[in-house]
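First comes the structure, then the notes that go with it.
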Ligand code: 1AG
């Protein structure tokens, strides 16, 4: 049985989001807005099938995938790039690799009790986000 991430998660900490956005080439004006946001994540999971929705007052982002199956991800409303993306289990962690123009791009999610962690990586930058389960 894989871990179950289903639920609603609200951000409580966001470290080096600015560095991550600079690495993605996000312009100053957009970064200024984005760094004020308090994202909420809603996970819908059925075994190895995921739908992850990220909501903010500015933009929303939605991503669906099956574990181990590469897909074309267009990061619409984020940096608007095309990636060849794969997500795999590493024990109960979700490890994503986003192949494309940017080196070392990807993310990892893991849970500890009612806390959800997200590490976002691009080039030499890592953003560390923490969420608490609210539903
Ligand atoms: C993601 O999470 C990323 C979700 O895939 C969004 C996280 C960070 C934003 C990325 C880059 C910043 C680009 C532009 C800034 C403009 C708007 C900010 C909007 C922020 C949220 C929509 C991994 C995983 C699956 O949970 O999605």
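Values computed for the structure shown
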| read-out | value |
| --- | --- |
| Residue identified as surrounded by 13 or more Cβ atoms within 10 Å (Cβ to Cβ), closer than 21 Å to residue 134 by Cβ and more than 9 Å from the ligand (Cβ to nearest atom) among 115, 56 | 115 |
| Any hit, the range 7-23, residues being out of contact with any strand residue (DSSP E or B) (no Cβ under 7 Å at 6 or more places or on another chain) and over 19 Å from residue 122 (Cβ atoms) | no |
| Selection within the range 27-58 - touching a strand residue (DSSP E or B) at 6+ places or on another chain (Cβ under 6 Å), under 12 Å from residue 4 (Cα atoms) and not in a strand (DSSP E or B) | 48 |
| Residues of the range 118-131 satisfying the condition of being more than 9 Å from the ligand (Cβ to nearest atom) and either out of contact with any helix residue (DSSP H, G or I) (no Cβ under 8 Å at 6 or more places or on another chain) or closer than 10 Å to residue 20 by Cβ (or both) | 119, 121, 123, 125, 126, 128, 130, 131 |
| Residues that are in a loop (DSSP other than H, G, I, E, B) and either more than 8 Å from the ligand (Cβ to nearest atom) or crowded, with 16+ Cβ neighbours inside 10 Å (or both), drawn from the range 59-77 | 67, 68, 69, 70, 75, 76 |
| Contacts under 6 angstrom Cβ, first residue in the range 22-40 being within 18 Å of residue 60 (Cβ to Cβ), partner outside any helix (DSSP H, G or I) and more than 6 Å from the ligand (Cβ to nearest atom), 6 or more apart | 24/122; 38/11; 39/11; 40/10; 40/55 |
| Of all residues making up the range 93-112, the number that are exposed (fewer than 14 other Cβ atoms within 10 Å of the Cβ) and in a loop (DSSP other than H, G, I, E, B) | 3 |
| Residue match in the range 124-135 (condition: closer than 22 Å to residue 2 by Cα, modelled with pLDDT under 95 and surrounded by fewer than 17 Cβ atoms within 10 Å (Cβ to Cβ)) | yes |
| Members of the range 39-53 that are surrounded by fewer than 15 Cβ atoms within 10 Å (Cβ to Cβ) and more than 10 Å from the ligand (Cβ to nearest atom) | 44, 46, 47, 48, 49 |
| Near pairs, Cβ below 8 angstrom, 6+ apart or cross-chain, from the range 62-76 (at negative phi) to any residue that is outside any strand (DSSP E or B) | 66/48; 67/2; 67/48; 74/80; 74/81; 75/81 |
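The values are calculated or read from the model by the stated rules, or taken from the named source; none is laboratory data. In this text the structure is predicted, and so the values were computed from the model without any measurement. No Cβ is skipped: glycine too gets one built from the backbone with ideal geometry, and neighbour counts run over all protein chains shown.
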